[in-house]
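Worksheet: the structure to be examined is printed underneath.
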Amino acid sequence: MPDVVSDLHSIGELARASGLTVSALRFYDSAGVLAPALVDPVTGYRWYTDEQIGPARLVAGLRRVGMPVPEIAAAVRAEPAEVHRLLDAHLRRLVDGLADARREIVRLRALVDPAPTTVTTLLLSPAELAAAFDAVRFAVGVDPELPALSGVLLDVEPDGVRLVATDRHRLALARAGADVDGPPARVLVPVDLVDRLRLLLDTADARPVRLTVAGVDLRAEVAGRTLTGTALPYDFPDYRRLLREAVGERPAAYRIPVDVVALRTALRDPAAPTLAREYAGTPLAVSVLGLDDSGSLRLLHPAELSTADPAAEPTSGLRFGVNGEYLLDALDAAGGPQLVLEVDGPIAPLAVRRPNDEDTFSVLMPIRL
């Protein structure tokens with residue numbers, strides 16, 4: 001034993017060489033992240049090799065930046081390219097977390113020292129606002145345990161307003177141009193007020209809709225009629241971050257033209273084939289979509305599913321599962337006989353877009369086959 005130990009480093013020596021404490025090294029040993037090369041069966045002393053100094057320093061650095069233990073364990077065993085991927089993902093998480101913290105601090109400062117109420121007024125086309133409501137209304141959440149998702153976010157920009165709704169399983173966005181007087185504003189409009197305003201828009205004349213946001217107070221004037229309401233007192237999720245996580249900022253791997261009439265007919269057919277799955281203890285009928293040899297979208301029968309990894313198949317073998325009812329909602333909301341479905345792979349979120357409209361689209365979460 002002495003001859004062997006003389007070529008190894010004690011736990012204290014590794015602690016000094018790596019920047020980790022002795023207690024941290026013991027923790028990472030018990031967690032299966034960095035096990036000693038040898039443990040003396042009599043004394044229980046831990047001994048480490050020269051080759052373990054580098055991984056220990058890596059663990060110390062990852063610990064300093066707050067990477068979760070499972071990812072640290074993966075990084076220690078990974079090739080450099082995978083370590084870089086883990087670092088990039090963690091950096092994005094830190095940036096998003098900082099943005100969340102900044103928003104929360106702004107909210108807390110407002111609680112401590114409320115700022116004067118600002119007023120923002122928008123003049124909008126009734127038809128354009130109605131189309132924007134129609135494009136997002138289907139995605140409003142109905143879960144009573146998630147009240148922050150029970151409305152439509154109006155994110156007022158200098159030249160218009162972006163409308164956003166999500167129920168966690170799908171995300172819908174649209175935009176309406178507007179003449180804006182006042183500072184930018186974000187307000188979560190209750191769904192009942194959205195629905196009442198949408199009904200008024202059907203009877204509107206050519207006059208612009210005047211929408212006023214004064215703190216949490218909302219006022220809409222449509223064709224001589226007035227609606228008032230109060231914004232929901234919840235923080236809507238950061239939809240821009242949700243978009244980055246779901247569809248990213250690069251072009252999708254596949255942009256598939258969709259014959260809306262044909263796909264809608266196939267999905268609504270009572271005999272349409274589905275795959276039985278379960279979600280949260282509830283049976284779920286999954287519609288399976290795929291591409292034929294010409295690259296056209298079609299509804300597949302479960303018997304056509306291969307046991308091979310779909311991600312490894314050629315484009316004509318691409319297939320993915322969706323909630324058929326959710327997809328129908330997205331098709332109906334988008335409107336038009338032709339749409340584009342964007343997807344990166346069989347387990348990536350799907351984006352349903354109008355061909356020439358970058359501002360109006362919806363994102364559906366896939367269902368693993």
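Number of residues in segment 74-132 that are modelled with pLDDT under 90 and not in a helix (DSSP H, G or I): the value is 6. The numbered conditions (1) open to solvent by less than 10 Å² (accessible area, probe 1.4 Å); (2) touching a Ser or Thr at 6+ places or on another chain (Cβ under 7 Å); (3) not in a strand (DSSP E or B) are all true for Leu331 except (2).
The residue pairs whose first member lies in segment 104-128 and is in contact (Cβ under 8 Å) with a residue 24 or more places away in the chain, whose second member is assigned to a helix (DSSP H, G or I), and whose beta carbons are closer than 6 Å, counting only pairs six or more residues apart or on different chains, are Pro126/Leu201. Summed over segment 170-184, the residues that are over 25 Å from Asp329 (Cβ atoms) and either of a type in the set (Val, Ile, Thr) or under 22 Å from the mean Cα position of the chain (by Cα) (or both) give a count of 1.
Taken over segment 215-265, the residue count meeting the criterion of being surrounded by 13 or more Cβ atoms within 10 Å (Cβ to Cβ), basic (Lys, Arg) and farther than 23 Å from Ser150 by Cα is 2.
Among the residues making up segment 140-157, those that are surrounded by fewer than 21 Cβ atoms within 10 Å (Cβ to Cβ), of a type outside the set (A, V, I, L, M, F, W, C) and touching a residue at least 12 places away in the same chain (Cβ under 8 Å) are Gly141, Asp143, Pro147, Ser150, Asp155, Glu157.
Which of the residues belonging to segment 213-224 are part of a loop (DSSP other than H, G, I, E, B) and in contact with a strand residue (DSSP E or B) (Cβ under 9 Å, 6 or more places away or on another chain)? Of everything in segment 213-224, those that are part of a loop (DSSP other than H, G, I, E, B) and in contact with a strand residue (DSSP E or B) (Cβ under 9 Å, 6 or more places away or on another chain) turn out to be Gly215, Val216, Ala223.
Considering Arg277, Arg264, Arg210, Arg241, the condition of being more than 23 Å from Gly177 (Cβ to Cβ), assigned to a strand (DSSP E or B), in contact (Cβ under 8 Å) with a residue 40 or more places away in the chain and not polar (S, T, N, Q) is satisfied by Arg277 alone. Among the residues of segment 184-196, are any more than 20 Å from Phe361 (Cα to Cα), acidic (Asp, Glu) and outside any helix (DSSP H, G or I)? No, every residue in segment 184-196 fails to be more than 20 Å from Phe361 (Cα to Cα), acidic (Asp, Glu) and outside any helix (DSSP H, G or I).
Take the conditions in a helix (DSSP H, G or I) and either over 29 Å from the mean Cα position of the chain (by Cα) or of a type in the set (S, T, N, Q) (or both) and apply them to Leu199. Does it pass? Taking the combined requirement at face value, the residue satisfies it.
The values are calculated or read from the model by the stated rules, or taken from the named source; none is laboratory data. No experiment lies behind these values; they were computed from the predicted model shown. Using ideal geometry, Cβ is built from the backbone for each residue, glycine included, and neighbour counts are taken over all protein chains shown. Surface accessibility is based on the protein's heavy atoms, side chains included, excluding ligands, DNA and RNA. Shrake-Rupley method; radii C 1.70, N 1.55, O 1.52, S 1.80 Å.
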